[in-house]
Every structure is written in structure tokens, then in C-alpha cells.
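First up is the structure itself, then whatever we jot down about it.
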Amino acid sequence: MAIVDWRISQEALLTFGQYLVPVYMIFLPFCFVLNGLIIAVTIRSSRLRSNCNILIACQAFTDICTLSSLIYTCFNIYSNRFVSYAECFLYQIIPLAGGNCTSVLMLLIGIDRYLSVVHPGWYFSFHIIICSIYCVSVNVAQYMAQTYEPSVICFLPSAMPDRIKDWWSASQGFLSVMVIAVYVRMHRFLKSRPTQCDVEARRTIRALTMIVKVYLFGWATSIGLLCFSRILISDTNLAQAAELGLGVFAGLNLAIPCAVYYTQSNIYRKELRSLLRLKIEVSDIRTVSRHTS
């Protein structure tokens, strides 16, 4: 039972969406290009073949999948078009899978780095299996729970029936708390033992820590406010308007990782410069050579 009974019309929802579409259209090319660069340098460089680097590339791919949901949403908004849950689910099944995977991968990358420096003997490689189980479970539950079909503009959360959206929001909130806990624990461990791992590994962890801060501002904030809106709002149109507004935070989170890795990690900076055929600074070459010698 919602706390308030606020309602808006479909026309008001479309008008609100049309103001946000230009913002999302800025996120799209940045997300595709920057995350594509992470994938490209991981494939191209033999230096980026560790479990952590591969997981980072996988997350870049799932970020692209997630934000691609905006293409169909923007088309519906500009076409003044509403669709059923069933049609929305069909068009958004890949972005939904990406959205489910990206937060799990964020947690698994943190666990991977934590175990590699704290408990090397526990180092494991079944990350993608865990991620796939969560992703498939959520998508199957969404498909089986389609019992009624209101009209939606098909923003990513709109592809979920209400009861599944409540469960999904709660699970994403739990994952966000786990991500924070793992990275805080890792940060404290490295601070107490500064010589536990090499400098470049520490730089990668520092980049991941910076991304967690962006994650808190972006994805975790949008999920937290989504959980609050699920309690506060019952009207379908108003709920979609809230989700469109909250999506700006998530979009920022999905578009920025490449910039963080470039500024925080010497090896990612060198490989990205090499890929783009930019002039590599002498200090970067010396630093990377020293770390790999």
C-alpha cells in the first residue's frame, strides 16, 4: 500500500520524458565509446588478461547492454507510444540482463581483488557463473510474473511487473551494501599493509575504489531512491516518471568507468593511448616498465 495517492496523466509523463531524453542521448555515445575502449584494450593487450581485467571488460559490456535500453525508451517517448509489459520485456530482455549483471560484477570484481591480496589461496574463477545464475533467475521470474498488462513507455524498470520490481529493487539494494562492505574492507586492509601488493595492483584497486564512489552516487543512489518510490507511489505513470528521473544517476555510473581507469591506472592509460595512437608520456613508459620488469 503506497503512502500517497499522487497521480499524473500519460500526457504529463510523456512531456516529462521529452525533457530528459536529450540528457540520455548524451550518455549513450559516451557509454558506447568509452566502455567499448575498455573492451578493445582488454582484447588487444596481453597485460590486461588477469581475472580482474577480464571482469572489468565484462562489466563494460554489460554497461553497454544496460544503457542500450534507452534507444527503445526514447523512441517510445518521441512517438507518444505506450506498450504492454509483454512487449516491453521482449525489447528490453538484453538490457535487463545487462543491468542485472553489472551490479553483480561490481561485487565480484571487489571480491576478486580482495581475495587476491588478502587470501591468495582462495582465489577463484567462477565469477561469470554466479553472475549468470542471478541474471537468468531474475529474467525468468520477470517473464513468469506477467499477469496483467498496463501501458508503459518501457524504461528499463518498466519491463518488470510490480511484485518482481519490488524483489529486484531489494536485491539490488542488498548488492549495493555488499559492494560497499567489500571495498571498505579491502581499503582498510591495504592501508594497514601498504607492501602487500605491487604498485600497479594498488593503482587498479584505487581506480576501482574511485568507481565505487561513482557507483554510490549513480547506481546505488538510483536503486535506493527507487526502493523509496516503490513504498511512496502507487500510480503507474508517476512511478515511471520517478524512474526516468532516477535513471540519470545510473546513466552517469555506466558512462564514466573508462575515464576513471585512464586517470588512475598507468597500465590502462598506456594501453588506451596505444590503442588510440596517442603520444605516450615518457613517465608513463618508465613507470609501467618498472612495474613489469
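The values are calculated or read from the model by the stated rules, or taken from the named source; none is laboratory data. These figures come from a predicted structure and were not determined experimentally. Every residue, glycine among them, receives a Cβ derived from its backbone with ideal geometry; neighbour counts consider all protein chains shown. What goes into the accessible areas is simple: the full protein's heavy atoms, side chains included, and nothing from ligands, DNA or RNA. Shrake-Rupley method; radii C 1.70, N 1.55, O 1.52, S 1.80 Å.
Accessible area per residue was computed with a 1.4 Å probe on protein heavy atoms; PHE174 scores about 130 Å².
In terms of the Cα gyration tensor, with a ≥ b ≥ c the square roots of its eigenvalues, is the range 35-114 rounded because a/c is under 1.5, prolate because a/b exceeds b/c, or oblate? Prolate shape, in that a/c is at least 1.5 and a/b is the bigger ratio. Solvent-accessible surface (1.4 Å probe) assigned to VAL104 amounts to roughly 10 Å².
Figure note: GLU243, GLU87, GLU11 ranked by solvent-accessible area, largest first, 1.4 Å probe, ligands and nucleic acids not counted: GLU11, GLU87, GLU243. With the convex hull drawn around the C-alpha atoms of the range 42-83, the volume per residue stands at 65 Å³. The protection proxy used here, the mean number of other Cβ atoms lying within 10 Å of each residue, ranks peptides 38-51, 248-261 as follows, highest first: 248-261, 38-51.
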